[in-house]
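Written out below as structure tokens is the structure these notes cover.
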Amino acid sequence: MSELDNQNQSEEAVKVEGKKVEAEFKEEKIDPVEIKTEPEIEVNQKEAKEEVEVKDRTISAKIEPADENDEAKEKFEEVEVVEIGKNKYVEGIGRRKESIARVRLWDNSVKEVMNIYVNDRKYTDYFPSLDLQKSVDAPLRKLRIIQGYRVTVKTNGGGLRGQADAIKLGLARALVKLNGDWRVRLKKALFLRRDPRRVERKKYGLKKARRAPQWSKR
């Protein structure tokens with residue numbers, strides 16, 4: 001058989017197969033498409049919206065804090081100032097690195113805001129940095145008694161940063177001595193934790209604690 005005959009036979013086979021496919025397609029039954037009316041569509045949309053609203057409510061209920069949150073209570077809770085007495089004081093000792101601070105609380109008869117004196121100087125003059133000033137008066141601001149007491153401090157040793165942290169610890173300890181109910185709030189704010197970190201000592205053969213001299217290959 002020649003090549004032409006083979007081509008004709010293949011073309012005829014393709015035509016026959018095409019006719020079979022067309023006949024099967026016509027014989028197949030196509031299911032009618034369900035057409036929803038307008039009221040049914042509105043009902044389905046309402047149900048979908050209600051499901052979304054319910055999900056949003058559950059998510060918001062999980063995210064929103066409870067009404068009895070401790071932090072929310074602390075923000076609006078007013079602290080009663082405990083009177084110490086005339087010519088009486090409450091003392092607390094604080095330490096940090098090489099610094100030691102002796103803090104004394106007195107009744108604030110003048111009602112001056114942040115009446116704190118460090119080594120017979122106003123604490124804003126003794127500590128020029130705002131960061132150190134906030135560290136010193138942090139316990140009073142936490143309890144919202146910024147004009148409740150007059151604070152006198154005697155401190156020595158170390159630098160300004162160490163002295164500020166020592167005063168903060170001593171002030172918090174003095175407040176706890178004055179009223180034990182304040183311990184929970186001050187402890188939660190980490191004002192009663194003694195920071196034990198110190199400068200690591202120098203080692204022999206090294207320039208500092210870990211700094212080794214420059215190594216030369218030749």
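The values are calculated or read from the model by the stated rules, or taken from the named source; none is laboratory data. The structure presented is a predicted model; accordingly, all values stated were derived computationally and were not measured. Methodologically, a virtual Cβ is constructed for each residue, glycine included, from the backbone with ideal geometry; neighbour enumeration extends over all protein chains shown.
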Considering residues of the range 84-112 that are part of a loop (DSSP other than H, G, I, E, B) and buried (at least 18 other Cβ atoms within 10 Å of the Cβ) only, the residue modelled with the lowest pLDDT = Asn108
remark   = With criteria (1) touching a residue at least 60 places away in the same chain (Cβ under 8 Å); (2) more than 15 Å from Leu186 (Cβ to Cβ); (3) not hydroxyl-bearing (Ser, Thr, Tyr), Leu132 comes up short on (1)
ask   = Name the residues in the range 125-136 that are part of a loop (DSSP other than H, G, I, E, B) and either closer than 17 Å to Arg150 by Cα or touching a helix residue (DSSP H, G or I) at 6+ places or on another chain (Cβ under 7 Å) (or both), would you?
value = Phe127
query = Which residue, of Asn156, Asn179, is touching a strand residue (DSSP E or B) at 6+ places or on another chain (Cβ under 7 Å) and either at pLDDT 95 or above or at negative phi (or both)?
reply = Asn156
query = Can you name every residue in the range 169-192 that is of a type outside the set (Phe, Trp, Tyr) and part of a loop (DSSP other than H, G, I, E, B)?
reply = Asn179, Ala189, Leu190, Leu192
key: Out of Arg193, Arg173, sole residue that is crowded, with 20+ Cβ neighbours inside 10 Å and among the charged types (D, E, K, R)   = Arg173
inquiry  = Pull out all pairs, ordered by first then second residue, where Cβ-Cβ is under 6 Å, the residues are six or more apart or on different chains, the first lies in the range 113-124 and is assigned to a strand (DSSP E or B), and the second is of a type outside the set (Val, Ile, Thr) and surrounded by 15 or more Cβ atoms within 10 Å (Cβ to Cβ).
reply    = Asn115/Asn108; Asn115/Arg150; Ile116/Tyr123; Val118/Tyr126
query = Are there any pairs with C-beta distances below 8 angstrom linking a residue in the range 196-218 that is over 17 Å from Lys97 (Cβ atoms) and free of Cβ contacts under 8 Å to residues at least 24 places away in the same chain to a residue that is exposed (fewer than 10 other Cβ atoms within 10 Å of the Cβ) and among the basic types (Lys, Arg), with the two at least 6 apart or on different chains, and if so which?
reply = Lys203/Arg210
query = If you scan the range 75-128, which residues turn out to be under 20 Å from Val176 (Cα atoms) and among the aliphatic types (A, V, I, L, M)?
reply = Val79, Val81, Val82, Ile84, Val90, Ile93, Ile100, Ala101, Val103, Leu105, Met114, Ile116
query = So is Asp137 crowded, with 19+ Cβ neighbours inside 10 Å and at pLDDT below 95 or not?
reply = yes
query = Lys154 versus (1) out of contact with any Phe, Trp or Tyr (no Cβ under 9 Å at 6 or more places or on another chain); (2) surrounded by 12 or more Cβ atoms within 10 Å (Cβ to Cβ); (3) assigned to a helix (DSSP H, G or I): which is the lone unmet condition?
reply = (3)
